[in-house]
Structures are given as C-alpha cells and as structure tokens.
Amino acid sequence: MLSKVFNKKFNSLTFQSVSNFSTQHSRICIIGGGSAGQAVAAQLYRTRRFKDNEIVIIDPAQTHYYQPSFTMIGGGVLGSNQQVQKKLNTYVARPMQKMVMKGVQLKQDSVVKIDSDNSAIETEKGGRITYNYLVVCPGVSLRFDKIEGSKEALDDPNSPVGSIYRYDYALKASLLRENFKGGKAIFTLPQMPIKCGGAPQKMMYLSEETFRRNGVRHNSEVHFYSSAGNMFPNCAKYADKLSTIKDSKDIESHFGQTIFKVDKDSRKVYFRDNKTKEVITQDYDFLHLVPPQTPPEFILNSGLPAPNGFVDVDAQTLRHNKAENIYALGDVANLPTAKTAAGVFSQAPIVVQNILRQMDKKYMNGHYDGYSSCPVFVGDNKLMLIEFKYENQPSETFYSGQTEPNKLFYFLKKEVFPRVYFNLGPKGLWFGKSMLFKPTFY
C-alpha cells in the first residue's frame, strides 16, 4: 500500500517537473508582443517561408495598449474619462490574443534568461525555447522607483500628481488637468533616453489649453523642468520652433535639471542641476511625472547590452554586434535616434529583410537610416509633425515646412494613426515612413 502511494506521488512529481521544464524549438523567437514584435512576426509570416507556429512571440501581457493614446487620454483629446471608456477598442487597447496574426504562436509568459551561446531562452513558467533567430523587442521598464516618493504620489487619489506613461495614471492626469483651479503646474522630463521624448511637452501644451479654456490661466504658472538642454534634442530645427511656441504660451523652461524626489504631503518636487549638482525645490499644485526608463532586468543580465544597458546592435542592420543570429529593435535597441512607434515600423522591415538574407546566406542589404517621428500636440487642435533621422537631420514626409503646426496633422494623429496601428501594423501591412509601400532594398 505504501509503495503504491509513493509511486503515485513520485509519478505526479516527475510529470510536473517535465511539464515545467519543457523545451520547444522555433525558427524565429520574438521577445515582446508590442508594435515591434507584432510587425516583425507578421511581415516574416507573410513571406510564406514559415509554417504555422514556427514564429513565436513571447509576452506576458493580456492587453495590448496603443501607448500614444495615453497622451490623448491625459490631455483630453479623446474627451472625458467616461468618453474614453467608450472608445477603448478604437483608440486605446485590444486583447493581446486578437492582435497576433493567425499562424504566429503567442506564448503568454515572461522571459527570465537569454542564453545566447546556446541560442535559447528560459521563461518564468519553466519553459526553454531554442531558436534559429532571436528578435529582441520587449520595450523598456518604467522606473518610477528611481524618483523617490513618486509611486506614493501617483497612487494617492488625493495627490495632484499624474503621468501619461501608464494607462491608470493617464486617467488620473486627465482629471487633474480638467479640475485644476490655478496655481503652479509643473511638467517634467527625466534623464534620457525615454520612449517618445516629446510626450511630456504634449501633455504640457494640452493642459495649458485646458487652463485657458477653463478661465484659470491668468492665475496659473506653467513650468517645464527638463534634464535635456533644449526643447527637442533630436533635431535643432524643431527645437527652435518648439521654443518659440513655448514662449508664446508664457511657459517657463528650466533645462539641465533632473527630477529625483517628490514629497506628496508637502507638495514639493526636487530637482538636481546636471552641472552644479545644486538641489532645486519647487512647490506644485499639479505635477506631471515622467519616469526614467531602462531595459528589463533580464536584458541587463543577458550579455547583450552596450555599456548604457540597451541592446548593442549595428545602427544600420539592427543585428547584434556579437551574436550573429540576434536582432533588436524598438525601445530596447541602442540606437542614436528617438524611441517611437514610427521608428519601430521603419525598423521592422529592416530586421525582416536582413533575417531573410541571412537565412539565404546573402549579404545584408537592409539599412536603417534612423527615421523616427514625434507628432507633438501644441494645443488648439493643432499638431507639429516632427520627423527626423540619424545625425539629427530632418526627414519630412509631406513638406519642408512641417515645423508649422496645423489641424490636418492633428486629425492624422487623432483619427488615422490609431487605426493604422491596430489594423495594419499587426498584419504586416505598415512600413513606417514608406507607409503602405514595402521598402525596396538594393
């Protein structure tokens, strides 16, 4: 009797062990189911060179967010929070399962280790996946913990601190913006790099518009505290124009000052001057926080990063500089350009092209020029469509005068871009700057 019980328990434990440490092989393994992972997976699958489930996306998320919508939520572009709830499927979020292209496998799990020497990854649920090619695009981690007191301030419903860098905090920021009664409003930009570096000032301009509309602008101060040296370090052409816009709205700017602490009880925020290390303390009545951002922990421990922590890839081919069967794109890649969705969609066809060329043992002819875009809401139903590439050079799609905000670009940002993102990107039908036209490589 005792032996039967022992054998039953032993067999159960043995089965559990095997199931928890199962191994599978994929021809293409993609870490991250955001815009980058979805685009690469779909474009590869559309080549018809892969069978069903030979391309695997690993991402633990149940919901896929269109993160640029958080600015539109916090800034009131999509209306009140009640109105936002009615528009979620169009502008904000969809179930991750429905985003993945049919024929591509989704594993809702977290990566804990990359073993590049053996072309394998390990997951939180105990799985091990080997691969022919690995595409690394998990995005970045929001590090509110690097600003002392910020989480406590954000999580306190009675604290006038919000952020458009998380959905729930964006909803809070929207309420704070709309109910602001006057006083000092402070908008921050932390240590770079961050994703969508223009987003903090988008929220600032949209809030300033609300203050004017609600009749409280005359008794309000609006301040922009930035760790950077100007309004838009990625391209001087646009930085100059944004500075003019900022001045026209009577917004006070403070450059080279990095936020490091918030005290929600005294309503004080602390900055450190990048050069002198002097500490600057300011009172606030409304504070918009942007967290520092770093690659996920498993990336930092993977042996793949450059010295700054981001994945070390060739700036043109997007292949890792040491591991020849690994590519990276999006926010986690160490590239001298802005981290934006527009950049991702331009990078995806480069990664796809070079993987296919490598499979065929041909030279890699996909070259990324650093294209990125930052559509900046400036208030009053106008938007500046900022486009640039490597070496901080403008790279406009429509005309050279895109420094002038207009209502057409506002309409594109609000109504067209979200639909493109949800309906074309995950199907492999959107190619960034070249839009619907697949890039030609020579």
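The values are calculated or read from the model by the stated rules, or taken from the named source; none is laboratory data. Here the structure is a predicted model, which is why all the values come from computation and not from measurement. All Cβ positions, even for glycine, are placed from backbone atoms using ideal geometry, and neighbour counts span all protein chains on display.
Odds and ends about this structure:
- 2 or more residues among the β-branched types (Val, Ile, Thr), surrounded by 21 or more Cβ atoms within 10 Å (Cβ to Cβ) and at pLDDT 95 or above: qualifying helices (runs of 4 or more DSSP H) within the stretch 1-120: 69-74
- Checked against (1) touching a residue at least 12 places away in the same chain (Cβ under 8 Å); (2) under 22 Å from the mean Cα position of the chain (by Cα), residue 104 passes all but a single condition, namely (2).
- Selection of the stretch 176-189 for residues being surrounded by fewer than 23 Cβ atoms within 10 Å (Cβ to Cβ) and in contact with a strand residue (DSSP E or B) (Cβ under 8 Å, 6 or more places away or on another chain) yields 176, 180, 182, 183, 184.
- Flag if residue 232 is more than 24 Å from residue 176 (Cα to Cα) and surrounded by fewer than 22 Cβ atoms within 10 Å (Cβ to Cβ): no
- For the stretch 327-359, the tally of residues that are within 20 Å of residue 307 (Cβ to Cβ), among the aliphatic types (A, V, I, L, M) and in a helix (DSSP H, G or I) stands at 1.
- Residue in the stretch 301-319 that is closer than 30 Å to residue 153 by Cα, crowded, with 20+ Cβ neighbours inside 10 Å and in contact (Cβ under 8 Å) with a residue 24 or more places away in the chain present: yes
- Residue match in the stretch 328-340 (condition: at pLDDT 95 or above, surrounded by 18 or more Cβ atoms within 10 Å (Cβ to Cβ) and in contact with a His (Cβ under 7 Å, 6 or more places away or on another chain)): yes
- Search result, residues across the stretch 347-359 that are out of contact with any Leu (no Cβ under 6 Å at 6 or more places or on another chain) and either crowded, with 24+ Cβ neighbours inside 10 Å or β-branched (Val, Ile, Thr) (or both): 348, 354, 355
- Residues in the stretch 360-403 that are surrounded by fewer than 13 Cβ atoms within 10 Å (Cβ to Cβ) and assigned to a helix (DSSP H, G or I): 1 in all.
- Test for residue 134: is it in contact with a strand residue (DSSP E or B) (Cβ under 8 Å, 6 or more places away or on another chain) and either surrounded by fewer than 23 Cβ atoms within 10 Å (Cβ to Cβ) or over 30 Å from residue 218 (Cβ atoms) (or both): yes
- Residue in the stretch 145-155 that is surrounded by 21 or more Cβ atoms within 10 Å (Cβ to Cβ), assigned to a helix (DSSP H, G or I), under 17 Å from the mean Cα position of the chain (by Cα) and not assigned by TED's automatic domain parsing to the domain that holds residue 321 present: no
- Contact map, the stretch 428-442: residues that are closer than 19 Å to residue 370 by Cβ paired with residues that are assigned to a loop (DSSP other than H, G, I, E, B) and among the basic types (Lys, Arg), Cβ distance under 7 Å, separation 6+ or inter-chain. Pairs shown: 431/438.
- When 279, 290, 216, 269 are checked against the criterion of being within 30 Å of residue 123 (Cα to Cα) and assigned by TED's automatic domain parsing to the domain that holds residue 173, a single residue qualifies: 290.
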